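Single-structure report; data block below.
The values are calculated or read from the model by the stated rules, or taken from the named source; none is laboratory data. All values reported here derive from a predicted model rather than from experimental measurement. In this analysis, Cβ positions are derived from the backbone assuming ideal geometry, glycine residues included, and neighbour counts consider all displayed protein chains. The protein model used for the area step is the full one, side chains on, heavy atoms only, and it has no ligands, DNA or RNA in it. Shrake-Rupley method; radii C 1.70, N 1.55, O 1.52, S 1.80 Å.
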Amino acid sequence: MMSASADLRNASTSAGKSLASEALNSPVAIPPMPDYNGRLLAYTATAAIIVVGVLQGAFQQWHLWLIGGALIWPHIAYLLTRRTFLRNSPRIRQKMLTADCVIGGGFIGCIGLVAIPSVSVALMLMFSGLIIGGIRQWLIGSAFMAATILVFFLTIGPADSFQSPLLTSMLSISFTGLYICVTAFYSHQQARALMLAKTQIQNQREQSIALSHKLSKYLSPQVWQSIFTGERDVRLETQRKKLAVFFSDIKGFTELSEEMEPEALTELLNHYFNGMAEVALRYGGTIDKFVGDSIMVFFGDPTSRGQREDAFACVSMAIDMRKHMKIMRQKWRSQGIKTPLEIRMGISTGYTTVGNFGAENRMDYTIIGKEVNLASRLESLAEPGEILVSYETFSLIKDRIMCRDKGEITVKGFGKPVPIYEVVDFRRDMGPNRSFMEHEHSGFAMYLDSDKITERERRSILSALEDAADRLRQEEDSARD
């Protein structure tokens with residue numbers, strides 16, 4: 001059984017690697033505009049503003065020296081972030097942008113706060129801060145830029161005029177608009193690529209979930225859940241735990257298999273297993289395996305509600321299975337199966353070794369120990385429709401379930417004879433106030449559990465019983481006449 005969980009984990013790992021690979025190698029995955037390209041565009045635009053501003057007299061002649069710094073700095077920043085210790089910094093982009101804000105603030109202070117060029121440079125810096133680092137980086141960059149502007153403004157002084165010539169203003173606005181548009185275009189392309197990648201990942205995630213659900217059918221839900229929540233690892237390991245172990249098989253199945261065609265027999269067996277598995281899971285049992293017409297279930301691992309509750313849940317499941325078998329037998333009879341099929345069950349409680357057995361590439365999650373052998377032995381000794389339990393199980397359930405002493409048996413692996421008990425029924429269902437009733441003949445079968453009947457179902461059942469009673473009375477009267 002655990003081989004399926006190993007395959008399940010491998011499939012999930014492969015799916016995760018596939019998703020990551022697709023996200024990295026997808027042809028639509030467009031990175032944001034490289035910092036080098038963005039910085040080169042912004043500083044080239046600033047250099048052009050300086051040239052025009054000097055030619056038109058908006059700036060002083062010595063400002064031409066700033067052009068060299070504007071054209072060289074992008075390359076220096078690139079070398080610093082790619083060839084030095086700074087490349088290992090997790091927030092190198094934010095730090096370099098802060099340096100740009102300091103340089104930009106120095107430029108604005110040097111030109112004496114000439115309005116349009118100053119606003120243009122500040123807009124490019126603040127827009128970059130919002131794109132790269134959000135509000136926090138925008139606030140930090142603005143603070144450094146304002147501080148630098150103030151220092152240089154107080155040192156150099158204001159410009160002769162805060163107004164710039166028309167051509168300088170138009171060029172400043174144009175370069176700022178160009179920078180913002182190019183940056184926004186890259187951001188839009190990146191967002192579009194991320195949305196497409198998100199859709200692809202979501203689709204593959206749904207495929208992975210569908211695959212895991214298919215593979216989970218080879219495992220008990222408790223085992224599957226413990227693996228995927230990380231509570232249990234898929235490796236060869238075992239532990240000693242006190243469990244309630246259940247075995248059952250169908251009395252008369254061998255004779256039936258000789259009478260029925262394989263296809264019909266397979267359908268009958270699958271119907272039986274499906275019904276019994278639903279009962280087992282309803283009570284929290286871990287289904288170990290199906291072998292022929294036999295079922296092995298245990299309680300107490302991977303989850304446990306305590307020894308007493310585990311044993312009670314196991315016996316409660318067996319009683320419910322016995323009741324459910326009557327319904328299934330009636331349905332089989334209506335399908336032409338005349339061989340009376342009865343379930344027999346054995347339950348033992350004690351310490352067993354539970355975990356993953358086998359090889360690293362093929363495991364089986366199961367239990368071994370003498371209590372397993374005892375439960376199997378009790379099942380083989382049980383009469384049709386009978387539930388036999390060990391003394392340990394009896395001692396845990398006797399206050400809520402009526403049992404009958406069946407004497408002692410000798411079992412291999414046990415030094416002394418083992419006392420065994422037959423399960424009669426829940427104590428609450430015995431006496432005149434019991435909720436469960438049953439009656440069965442060759443042409444009639446009734447199974448009634450009033451605790452599970454709704455008000456609408458009760459009216460329908462009463463109507464059916466009244467019709468059946470009227471029919472029987474009419475036939476009885478006709479027979480008398």
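Exactly one residue among Cys181, Cys101 is modelled with pLDDT of 90 or more, over 17 Å from Phe59 (Cα atoms) and buried (at least 17 other Cβ atoms within 10 Å of the Cβ), and that residue is Cys101.
Is it the case that the stretch 348-371 has a residue that's under 23 Å from Phe290 (Cα atoms), in contact with a Gly (Cβ under 9 Å, 6 or more places away or on another chain) and assigned to a helix (DSSP H, G or I)? The answer is yes, given that some residue of the stretch 348-371 is under 23 Å from Phe290 (Cα atoms), in contact with a Gly (Cβ under 9 Å, 6 or more places away or on another chain) and assigned to a helix (DSSP H, G or I).
Return only the number of the condition from (1) more than 21 Å from Lys242 (Cβ to Cβ); (2) of a type in the set (Val, Ile, Thr); (3) in contact with an Asp or Glu (Cβ under 9 Å, 6 or more places away or on another chain) that Ile327 does not satisfy. Every listed condition holds for Ile327 apart from (3). Within the stretch 163-185, identify whether any single residue is more than 22 Å from Leu41 (Cα to Cα), without any contact (Cβ under 8 Å) to a residue 60 or more places away in the chain, touching a Ser or Thr at 6+ places or on another chain (Cβ under 9 Å) and not hydroxyl-bearing (Ser, Thr, Tyr), and answer yes or no. Yes: the stretch 163-185 contains one or more residues that are more than 22 Å from Leu41 (Cα to Cα), without any contact (Cβ under 8 Å) to a residue 60 or more places away in the chain, touching a Ser or Thr at 6+ places or on another chain (Cβ under 9 Å) and not hydroxyl-bearing (Ser, Thr, Tyr).
Filtered by the rule that a residue be among the β-branched types (Val, Ile, Thr) and in a helix (DSSP H, G or I), the stretch 317-338 gives Ile319, Ile327. Only one entry of Phe299, Phe290 meets the criterion of being free of Cβ contacts under 8 Å to residues at least 24 places away in the same chain and either among the aromatic types (Phe, Trp, Tyr) or touching an Asp or Glu at 6+ places or on another chain (Cβ under 8 Å) (or both), and that entry is Phe290. For the stretch 34-87, residues that are more than 19 Å from Gln163 (Cα to Cα), open to solvent by less than 70 Å² (accessible area, probe 1.4 Å) and β-branched (Val, Ile, Thr) total 4. Hey, does the stretch 319-336 have a residue that's buried (at least 22 other Cβ atoms within 10 Å of the Cβ), over 20 Å from Val291 (Cβ atoms) and among the aliphatic types (A, V, I, L, M)? No, there is no match, as no residue in the stretch 319-336 is buried (at least 22 other Cβ atoms within 10 Å of the Cβ), over 20 Å from Val291 (Cβ atoms) and among the aliphatic types (A, V, I, L, M). Looking only at the stretch 383-400, how many residues end up being crowded, with 24+ Cβ neighbours inside 10 Å and more than 18 Å from Gln307 (Cα to Cα)? Residues in the stretch 383-400 being crowded, with 24+ Cβ neighbours inside 10 Å and more than 18 Å from Gln307 (Cα to Cα): 2 in total.
Residues are listed down the side, and each one gets a yes or a no for (1) modelled with pLDDT under 70; (2) open to solvent by less than 90 Å² (accessible area, probe 1.4 Å):
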| site | (1), (2) |
| --- | --- |
| Met402 | no, yes |
| Gly407 | no, yes |
| Lys412 | no, no |
| Pro419 | no, yes |
| Val423 | no, yes |
| Arg434 | yes, no |
| Met437 | yes, yes |
| Tyr447 | yes, yes |
| Asp451 | yes, no |
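As for the stretch 191-204, it holds no residue that is open to solvent by 60 Å² or more (accessible area, probe 1.4 Å) and either at pLDDT below 85 or within 30 Å of Glu386 (Cα to Cα) (or both).
Filtering the stretch 234-251 to residues that are surrounded by fewer than 16 Cβ atoms within 10 Å (Cβ to Cβ) and not aliphatic (A, V, I, L, M) leaves Arg235, Glu237, Thr238, Gln239, Arg240.
Condition check ((1) of a type in the set (A, V, I, L, M, F, W, C); (2) modelled with pLDDT of 90 or more) across all residues:
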site	(1), (2)
Pro32	no, no
Gly57	no, no
Ile72	yes, yes
Lys95	no, no
Val114	yes, no
Ser128	no, no
Trp138	yes, no
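In the stretch 205-224, the residue that is least open to solvent (accessible area, probe 1.4 Å) out of those that are among the aliphatic types (A, V, I, L, M) and more than 18 Å from Tyr365 (Cα to Cα) is Ala210. Taking each residue of the stretch 363-377 that is closer than 23 Å to Val234 by Cβ and of a type in the set (A, V, I, L, M, F, W, C) and looking for partners that are open to solvent by less than 20 Å² (accessible area, probe 1.4 Å) and part of a helix (DSSP H, G or I) with beta-carbon atoms closer than 7 Å, six or more apart or interchain, yields Met363/Met2; Met363/Ser3; Met363/Ala6.
Right, Arg136: charged (D, E, K, R) and under 30 Å from Phe228 (Cβ atoms) or not? In short, no.
Scanning the stretch 104-151 for residues that are farther than 24 Å from Tyr36 by Cβ, open to solvent by 50 Å² or more (accessible area, probe 1.4 Å) and part of a helix (DSSP H, G or I) yields a count of 9.
Taking residues in the stretch 72-83 that are among the β-branched types (Val, Ile, Thr), and partners anywhere that are open to solvent by 90 Å² or more (accessible area, probe 1.4 Å) and assigned to a helix (DSSP H, G or I), the pairs with Cβ atoms closer than 6 Å and at least 6 places apart or on different chains are Thr81/Arg87.
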